[in-house]
Amino acid sequence: MIRAEEVYNIGRIGKTHGVKGEVTMQFTDDVFDAVDADFLVLEVDGILVPFFIEEYRMRSDSVAIMKFCDVDTQERASELTGCGVFFPRSVADEVEQPSLAALVGYAITDAATHKSVGSIAAIDQQTANTLFVLDDGRLIPAVAHLIEHIDAKRQTIEMNIPDGLLEI
C-alpha cells in the first residue's frame with residue numbers, strides 16, 4: 001500500500017483524449033519527464049494506486065497526453081478524469097536538484113541556531129517571489145541564496161533565515 005508521505009502531488013488528470021484510453025494530464029512538475037519513471041500514482045476514490053506508463057507526449061509546458069497500461073478504452077480513461085497525480089519520492093530522489101513540489105513536507109531548520117522552524121505545507125508560486133508556506137501559515141522566501149543544504153533522505157532543508165523574518 002502506498003502511503004501519502006511516500007509521494008507528492010505533481011498534477012491532475014484532465015479529460016479523455018481520443019478513444020484508445022489516453023488522457024490529458026495537467027502537471028505542475030515535469031519530474032516524470034526528467035527521470036526514468038515507470039509509473040505514476042493516481043488517487044482513485046481516496047486510494048493511492050500505481051499506474052504504469054505506456055507512453056506519453058508533451059502537449060505544452062503544463063499538459064501531457066498520457067497513456068497508461070491496461071487503460072485501453074475511452075470509458076476506462078474517463079474513470080480517471082479528475083484524479084490527482086502523484087510522484088514517488090524515492091524516484092524523485094534520483095534527481096540532482098529536487099523540484100519545489102517535492103519539497104512539500106520537508107522540515108526547515110535555521111542554519112544559525114539549528115532550531116526547527118516548521119514543515120513546508122505548500123509552495124506559493126502566485127507572486128513574483130516563490131514562497132514556502134509553513135504548516136503554521138508563516139511564509140519564507142524559497143530563494144537559492146537562503147538555502148544552505150537540502151537532505152532528500154531525511155527530508156530536511158537547512159536555511160539562513162534573516163533576523164526577524166519569522167516574527168512577521
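The values are calculated or read from the model by the stated rules, or taken from the named source; none is laboratory data. This one's a predicted model, so the numbers in the text were calculated from it and none came from an experiment. Here the Cβ positions follow ideal geometry from the backbone for every residue, glycine too, while neighbour counts run over all protein chains shown. Each accessible area value is taken on the protein alone, full model and side chains, heavy atoms only, with ligands, DNA and RNA left out. Shrake-Rupley method; radii C 1.70, N 1.55, O 1.52, S 1.80 Å.
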**Message:** If I build a Gaussian network model for the chain, linking alpha-carbon pairs within less than 10 angstrom, which residue out of Gln125, Gln26, Gln155 has the largest mean-square fluctuation?
**Reply:** Gln125
**Request:** Give me the percent of the accessible area of the chain that comes from carbon and sulfur atoms, probe 1.4 Å, all protein chains in place.
**Result:** 49
**Prompt:** What accessible area, in Å² to the nearest ten, does a 1.4 Å probe give for Thr28?
**Reply:** 110
**Asked** Rolling a 1.4 angstrom probe over the protein heavy atoms, how many square angstrom per residue are accessible across the chain?
**Response** 57
**Asked** Principal axis lengths of the range 61-157 from Cα atoms, whole Å, largest first?
**Response** 56, 28, 24
**Item:** Estimated inter-spin distance, Asp61 and Val104, nm [label 7 Å along Cα→Cβ]
**Value:** 2.1
**Message:** Rounded to whole Å, give me the distance from the Cα center of the range 37-113 to that of the range 122-141.
**Reply:** 22
**Prompt:** Kirkwood hydrodynamic radius of the chain from all distinct Cα pairs, in Å?
**Reply:** 17.2
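What is the ratio of the Cα radius of gyration of the range 1-93 to 2.2 N^0.38 Å, where N is its residue count, to two decimals?
Working: Rg = 12.1 Å, N = 93, 2.2 N^0.38 = 12.3 Å.
That ratio works out to 0.98.
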